[in-house]
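The values are calculated or read from the model by the stated rules, or taken from the named source; none is laboratory data. Fair warning: this is a prediction, and the values are worked out from it, not measured in the lab. Here the Cβ positions follow ideal geometry from the backbone for every residue, glycine too, while neighbour counts run over all protein chains shown. The accessibility values were calculated without ligands, DNA or RNA, using every heavy atom of the protein model including side chains. Shrake-Rupley method; radii C 1.70, N 1.55, O 1.52, S 1.80 Å.
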2 protein chains.
Amino acid sequence: MNVQLKSAGPNCGDCPIRHRAVCARCEADELAALEKIKYYRNFEAGQTIVWSSDRMDFVGSVVSGFATLTQTMEDGRTQMVGLLLPSDFVGRPGREGSAYDVTATTDVVMCCFHKKPFEQMMISTPHIAQRLLEMTLDELDAAREWMLVLGRKTAREKIASLFSILARRDPKEIANGANDVTFDLALTREAMADYLGLTLETVSRQVSALKRDGLIELISKRRIHVPDLARLMEEAGDDSDGGHIA
Amino acid sequence: MNVQLKSAGPNCGDCPIRHRAVCARCEADELAALEKIKYYRNFEAGQTIVWSSDRMDFVGSVVSGFATLTQTMEDGRTQMVGLLLPSDFVGRPGREGSAYDVTATTDVVMCCFHKKPFEQMMISTPHIAQRLLEMTLDELDAAREWMLVLGRKTAREKIASLFSILARRDPKEIANGANDVTFDLALTREAMADYLGLTLETVSRQVSALKRDGLIELISKRRIHVPDLARLMEEAGDDSDGGHIA
DNA sequence: GACGGTCCTTGACACAGATCAAGCGGGGAA
DNA sequence: TTCCCCGCTTGATCTGTGTCAAGGACCGTC
């Protein structure tokens, strides 16, 4: 699952994201215990991090890179159900397997915890379960917000919704509240189509249309400049301040 | 949020659903504490239980009846993002407001807890946060499964998916595993359309088509007989045993 | 029993997006 | 440099679902 963080936690080690996902309210000794069960894993672009049928023996956070969660029907139709950006959490404490395929779309570094000891820490450290509950509620809000996008928005609105999210979550732009934003598009047109419930041709046409209408500029095919984020969000049909989605 | 329960908990009071949602692992004294902060609320069919802009001062479970969670855009397009059946949990511990409109579609009885004391119990009783985390993970799975329905399934598959879920969750049929099922349809054609991302006319046409093809029989407009649930699930494009969705 | 209201069904037609098809372009390999 | 490949764009056409419209079924009220 992926999580949008509301606030950074204290420094609890040399992990670049410093366990923000799980330690915002932890005490020093709890952080030290987390340190002991942590390790790093690297994945290459295109590599599958977890298969939906796998038993997952770890939980963790994305440190750098970009990954996706997808579901696939037997006949090959696929739907992306979540994006994983740096600081997002992956894993299902208390669950056996993964429900989705998790795939790296760029090179990815993950900060992981072995699942068993992490679950034990959850029991001994109530903050952690509470923090995970909060994060999971954020996920749920994001998933349901995306249901509105999938069920009721037009192709143009869908693209605008996706770009609004990516613009607001870009590592370099995050939290600066600027209205003029540039971001990297880690997704192919096909991956965008799978997230939006469209075909790649429709995605390509609508991206061209947004460019023609001056809502976006293509610095390259995978780098987007948004001169007026508020206008793009309006195009997406978002209410004034927009939902937070990942 | 709504939750599909995996197992019934112990009896912890006179509430018809016996706090199953929150007390499956609670001790007797914890159950007694829950009893003290519980109360009942009744809603009539069509009544709004919570507005999305409201501050929610309670959490609770549906005891009887049928309710829905919906999101609406300014221009009136609406998307249902969840169904609430008996034993499902409503509320966002640790959060200020509701993110969705919650509406009773039949008469509804809720077993509620005042939010502040419930949150205090969550802190003093780690089982509860862990149980809520499990429930929220179930919700998240259900929401993401529904994203696949919204993004990639045809109108016919969408209707078949909805009927499969309702057939498997009907209070009278639940857990008996029968392949020949009859259930009440608490939703209007319009509400079904809002859940499925369709128009009510398309819903009506596809229901007629499923009837014509012998996959369902209409005992009345709001009561459905499924002679072969496995075949209906196949029509929905579900993998063999189907996901659990609500 | 007639009336009115709500929900539902069905038909005719329109259109957004899918499908099929052709070709472009930029980056890596030799 | 040239070539190739993959991701992307664009055009032409098709089709599933939306839209608009008419009327039917059921139910409660007078």
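Could you tell me what percent of the accessible area of region A:20-147 is made up of carbon and sulfur, with a 1.4 Å probe and every protein chain present?
50
Starting from 0 in steps of 10 Å, tell me what percent of the Cα-Cα pairs of region B:154-235 lands in each bin.
20, 58, 22, 1
Whole-Hz Karplus ³J(HN,Hα) for region A:186-202, in order, using 6.51 cos²θ - 1.76 cosθ + 1.60 and θ = phi - 60°, x for Gly and Pro?
Going residue by residue, I get 7, 9, 6, 4, 5, 5, 4, 4, 5, 6, 9, x, 10, 9, 5, 5, 5 Hz, with x marking Gly and Pro.
Ordering A:LYS211, B:LYS221, B:LYS158 by accessible area with a probe of 1.4 Å, largest first, what comes out?
Numbers: A:LYS211 110, B:LYS221 155, B:LYS158 15 Å².
Solvent-accessible surface, decreasing: B:LYS221, A:LYS211, B:LYS158.
To one decimal in nm, how far is A:ASP57 from the same spot in the other copies, if labels go 7 Å from Cα toward Cβ? Please give the shortest first.
Those separations, rounded to one decimal, come out as 5.2 nm.
For B:ARG222, place a label point 7 Å out from Cα along the Cα→Cβ vector, do the same in each other copy, and report the separations in nm, one decimal, smallest first.
5.4
With a point put 7 Å past each Cα toward its Cβ, work out how far A:ARG231 is from A:GLU190 in nm, to one decimal.
The two pseudo-label positions are separated by 3.4 nm.
Which distances in nm, rounded to one decimal and ordered from shortest, link the label point of B:THR188 to the equivalent label points in the other identical copies, with labels set 7 Å from Cα toward Cβ?
Distances to the matching label points in the other copies: 4.5 nm.
Once amide H atoms are placed 1.01 Å from N in the peptide plane, what residues at a sequence separation of 5 or more from A:ASP88, or on another chain, have their amide H within under 5 Å of its amide H?
HN-HN under 5 Å from A:ASP88: A:VAL3, A:VAL62.
Run the simple label-point estimate for A:ILE123 and B:ILE37 please: 7 Å along Cα→C-beta, distance reported in nm.
That separation, rounded to one decimal, is 2.4 nm.
Within 9 Å, Cβ to Cβ, of A:LEU196, how many net charges do the neighbouring residues add up to if Lys/Arg are +1 and Asp/Glu are -1? Walk me through the numbers on the way to the answer.
Numbers: positive: A:LYS153, A:LYS158; negative: A:ASP194.
After counting each charged neighbour, the total is +1.
P(r) tail for region B:20-147, what percent of Cα pairs lie past 25 Å? Write out the running numbers ahead of the final one.
Numbers: 1942 of 8128 pairs.
Tail of P(r) above 25 Å: 24 percent of Cα pairs.
Given the Cα atoms of region A:95-246, and with Rh set as the inverse mean 1/r over their pairs in the Kirkwood sense, what is Rg to Rh to two decimals? Mind showing how you got there, number by number?
Working: Rg = 17.7 Å, Rh = 17.3 Å.
Rg/Rh for region A:95-246 comes to 1.02.
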